[in-house]
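Before any comments, here is the structure.
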Amino acid sequence: MMRKVILSCLLIAGLNVVAEKKGHLGERIQGKKPSLMWSKGLMIGKVGDYERRGFIFKTQEAKMQLGDFSQENQSGKKNYVPREEDISFASEEAKEQMKLLDLSETVVLEYKKLHPFNIFRLHDSPKMALSIRSLQSFEETESFELYGKELQFERGRERGKYGEGKKSGKIVSVNRWGIFTGYACSVEVHLGGTKKERRVTGYRRVGRGDYATDVPIYSTFEVPNIDIMNTYDEAGCRFLEDVLVSQSSVELETRTSWFEIWNSYATTITSAKIIQ
């Protein structure tokens with residue numbers, strides 16, 4: 001775990017090449033970035049299993065069904081299986097909005113995420129809900145006014161490229177993150193259905209004496225078919241935020257690169273087009 005955190009810090013240190021408009025990153029998500037926070041973003045789905053916890057320091061926690069588009073799960077359409085996320089409600093605005101929320105309603109949740117080195121966390125989840133928004137049509141967004149329903153992104157560096165392709169689905173989260181010298185914009189795209197994922201579920205001891213070692217035990221799980229991709233273009237990040245809040249289906253052109261110091265994930269989005 002510590003190795004991953006150190007690698008993440010090194011990744012971000014190189015991300016000052018991401019965009020010339022670095023100073024404008026995060027304008028869409030309201031509020032100044034506080035200390036000990038390193039990530040902010042939007043997610044879409046349904047909120048449920050809401051409860052208050054704690055004795056001295058009381059917190060409010062909920063389960064978010066990320067990408068719950070149940071009305072889309074009809075014959076002939078992609079089946080968007082939701083993924084459960086733990087969410088803490090940090091702001092008074094979000095707590096008040098939660099009291100009035102219809103739990104059957106698909107909403108957009110604005111959040112900030114605590115830095116992984118923050119050991120003073122009082123909430124169950126590092127993701128802190130700041131406000132709850134209603135959906136809006138894509139035609140009502142700023143991106144539609146500026147670009148219409150299609151946008152070519154700035155491509156950034158192409159060193160290490162080994163593939164290009166197209167993917168379609170729905171955006172379930174857009175996450176602006178980073179520390180020190182730069183920021184990145186990572187997007188979770190639900191491609192429909194499920195996929196198989198291997199995880200370590202335990203260890204078994206093999207060998208004897210000084211030659212004994214722990215060997216991981218793997219199990220295979222069915223998980224929602226959600227991919228994480230980057231965009232290094234501020235206009236592109238904003239465009240995808242507006243795709244999310246409109247619950248639109250989108251077709252993405254992508255570039256895949258070998259893992260390099262400036263790549264948070266191997267796949268980079270190079271264009272987006274609304275298809276529904």
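Mind checking the full-extension length gain between Thr256 and Leu100? Use 0.36 nm per residue of separation minus the Cα-Cα distance, one decimal, nm. List each step's numbers first, then the result.
Details: separation 156, 0.36 × 156 = 56.16 nm, distance 4.32 nm.
Contour length minus the Cα-Cα distance gives 51.8 nm.
With label points built 7 Å along Cα→Cβ from the Cα atoms of Lys166 and Val215, find their separation and express it in nm.
4.6
Counting only residues 5 or more places away or on other chains, whose amide H sits under 5 Å from the amide H of Val81 once H atoms are built in the peptide plane?
Gly193, Asn225
Starting from the 7 Å offset along Cα-to-Cβ, what nm value, one decimal, do you get for the label separation of Ser131 and Val223?
3.2
Show me 103-114, 208-219, 129-140 ranked by packing, highest mean number of other Cβ atoms within 10 Å first.
The most tightly packed comes first, giving 103-114, 129-140, 208-219.
Values in this text are rule-based calculations from the coordinates and carry no lab data. Here the structure is a predicted model, which means the values were calculated and not measured. With ideal geometry, Cβ positions are generated from the backbone for all residues, glycine too; neighbour counts draw on all protein chains shown.
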